[in-house]
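For reference, the structure is listed below as structure tokens.
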Amino acid sequence: MKVGLVSLGCDKNRVDSEIMLYNLQKDGFEITGNPSDADVIIVNTCAFIESARKESIDAVFDMVKYKNGKCKKLIMTGCMPQKFINELFDEFTEVDGFLGTNDYADIGAFIKTLDKRCYKVSPNTSRIEEGNRIVTTGGHFAYLRVADGCDNFCTYCLIPSIRGKYRSRKIENIVEEAKRLVKNGTRELILIAQDLTKYGYDLYGDIKLVQLLQQLSEIENLKWIRLLYCYPELISDELIDEIANNKKIAKYIDIPLQHSQDKILKLMGRKSTRGQLETLFNKLRDKVPDISIRSTFILGFPNESQEDFEGLKDFVKKQRLNNVGFFTYSQEDGTAAAKMSGQVDEEIKANRLKILADVQYDVVLKNNAKLIGKNLQVVIDDIVKKSNDGYIYNCRSQYNAPDIDSCIYVKSSKKLNVGEFIEVKITEIVDYDLKGEEL
């Protein structure tokens, strides 16, 4: 029996999909990338915000058409069933089965026994999905989940009600998985959790991220360790020193701030102030002068005044962040922010997002201008084009994460391999991206 899988949402969802693919293959299913050739189609959904849910629903309806052909079973998995199973089961009669975020180990048995419409959605605090995976990122980089769930309860966010309380994996399990990945060709591990900086506090009674990084760094042939989703208030001096001094840790950190102004941060349920954020960034840049900082910001949060927006714009200009994602606020039922007065008009939200995106574009151009003429080590992610005089490769330095950040287009006369590390000289700016030549 052939199974096709559509994976949506974040990199944590991608890991879930990779675990499902391995479990399916282990249970005797054949994996296909062609939905018209699949006996079973799985759509692994995201429910974080309204636009993500719409994308998931659209994907399900796109797959429904294949039930007129070879496909006999359509299954919806992931965050949407975990959060909205009763509504989905009643309304999406075209879907044969629903599986929650804590039930992927049972995917094979679930399909084999799926004789009539049903669902399995275990409590979201019951376990954490881990184990072998079929890596879908090309192999030279892979996401490594160290925890699931979240205890922060930001007022705009559904994640705690979907993914449950924060649950860390054991250090030995993480290191064992990392060794397997590196043995199979992975050279860059991207550490992920809803709050990476909280790793270990629930399991060991203390935060153990630095200890985990030190053990991962001992793995031979591992080149880069990248840190995503570090909450600012838990970025300790010990962690900063580890980033500065550990040669295997990419000089890169993702710190999701969401805003800069004290009033809005408090309404969001965030634990930092603007002054504390500025102090943190100064400390990071003092100890790691070349560090690349990424963040995300929400525009149009309830009660965000023009003054608050101007303050955020000033913050973005001054902090010169290397990579930024901007999102308009999504009013999510079941969150505290959804009930707040002072909801901002959609047109104002969209306008503020455009203004800040333009501000950040200027920041990126100035940051990139400083790299012209510099030599960087990069990894080849893809071959873009072959021509008579050589090849053009899509590459990244340690200062950029895959999929979400900019890239470096490198020209070379030689045939090089995806996943290969090379030295390049930066020669040109192309919007957010750069061009370079192999040395």
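The values are calculated or read from the model by the stated rules, or taken from the named source; none is laboratory data. Owing to the predicted nature of the structure, the values given are computational and were not obtained by experimental measurement. Note that each Cβ is placed from the backbone with ideal geometry, even for glycine, and that neighbours are counted across all protein chains shown. Areas reflect the complete protein model, heavy atoms only, side chains present, ligands, DNA and RNA absent. Shrake-Rupley method; radii C 1.70, N 1.55, O 1.52, S 1.80 Å.
Observations, loosely collected:
- There is no residue in segment 275-287 that is assigned to a loop (DSSP other than H, G, I, E, B), of a type in the set (A, V, I, L, M, F, W, C) and surrounded by 13 or more Cβ atoms within 10 Å (Cβ to Cβ).
- Of the residues making up segment 395-420, those that are open to solvent by less than 40 Å² (accessible area, probe 1.4 Å), of a type outside the set (Ser, Thr, Tyr) and in a strand (DSSP E or B) are Cys395, Arg396, Ile408, Val410.
- Across segment 249-266, the qualifying residues are those that are out of contact with any His (no Cβ under 9 Å at 6 or more places or on another chain), of a type outside the set (Asp, Glu) and assigned to a helix (DSSP H, G or I), and the one among them that is most open to solvent (accessible area, probe 1.4 Å) is Lys266.
- Evaluated against (1) open to solvent by 10 Å² or more (accessible area, probe 1.4 Å); (2) charged (D, E, K, R); (3) within 24 Å of Pro160 (Cα to Cα), Lys70 falls short on exactly one condition, (3).
- Of the helices (runs of 4 or more DSSP H) lying entirely inside segment 180-248, the ones with 2 or more residues being charged (D, E, K, R) and under 22 Å from Ser292 (Cα atoms) are found at 237-245.
- Conditions (1) surrounded by fewer than 19 Cβ atoms within 10 Å (Cβ to Cβ); (2) touching a helix residue (DSSP H, G or I) at 6+ places or on another chain (Cβ under 8 Å); (3) of a type in the set (Asp, Glu); number of the one not met by Asp58: (2)
- In summary, Asp39 fulfils each of the numbered conditions (1) buried (at least 16 other Cβ atoms within 10 Å of the Cβ); (2) modelled with pLDDT under 95 with the single exception of condition (2).
Table: residues versus (1) in a strand (DSSP E or B); (2) touching a Gly at 6+ places or on another chain (Cβ under 8 Å); (3) open to solvent by 60 Å² or more (accessible area, probe 1.4 Å).
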| position | (1), (2), (3) |
| --- | --- |
| Glu307 | no, no, yes |
| Val316 | no, no, no |
| Leu321 | no, no, no |
| Gly325 | yes, no, no |
| Asp333 | no, no, yes |
| Ala357 | no, no, no |
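- Residue count for segment 89-112, restricted to those that are among the aliphatic types (A, V, I, L, M), open to solvent by less than 10 Å² (accessible area, probe 1.4 Å) and in contact (Cβ under 8 Å) with a residue 40 or more places away in the chain: 2.
Each row is one residue, and each column tells you yes or no for (1) open to solvent by less than 20 Å² (accessible area, probe 1.4 Å); (2) farther than 23 Å from Ala336 by Cβ; (3) in contact with a Ser or Thr (Cβ under 6 Å, 6 or more places away or on another chain); (4) at pLDDT 95 or above.
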{"residue": "Glu130", "(1), (2), (3), (4)": "no, yes, no, no"}
{"residue": "His140", "(1), (2), (3), (4)": "yes, yes, no, yes"}
{"residue": "Val146", "(1), (2), (3), (4)": "yes, yes, no, yes"}
{"residue": "Asn152", "(1), (2), (3), (4)": "yes, no, no, no"}
{"residue": "Pro160", "(1), (2), (3), (4)": "yes, no, no, no"}
{"residue": "Arg163", "(1), (2), (3), (4)": "yes, no, no, no"}
{"residue": "Lys170", "(1), (2), (3), (4)": "no, yes, no, yes"}
{"residue": "Arg180", "(1), (2), (3), (4)": "no, yes, no, yes"}
{"residue": "Lys183", "(1), (2), (3), (4)": "no, yes, no, yes"}
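- Among residues of segment 368-380, those that are in a helix (DSSP H, G or I) and open to solvent by less than 30 Å² (accessible area, probe 1.4 Å), counted: 1
- Number of the exception - Glu50 against (1) modelled with pLDDT of 95 or more; (2) more than 25 Å from Ile190 (Cα to Cα): (1)
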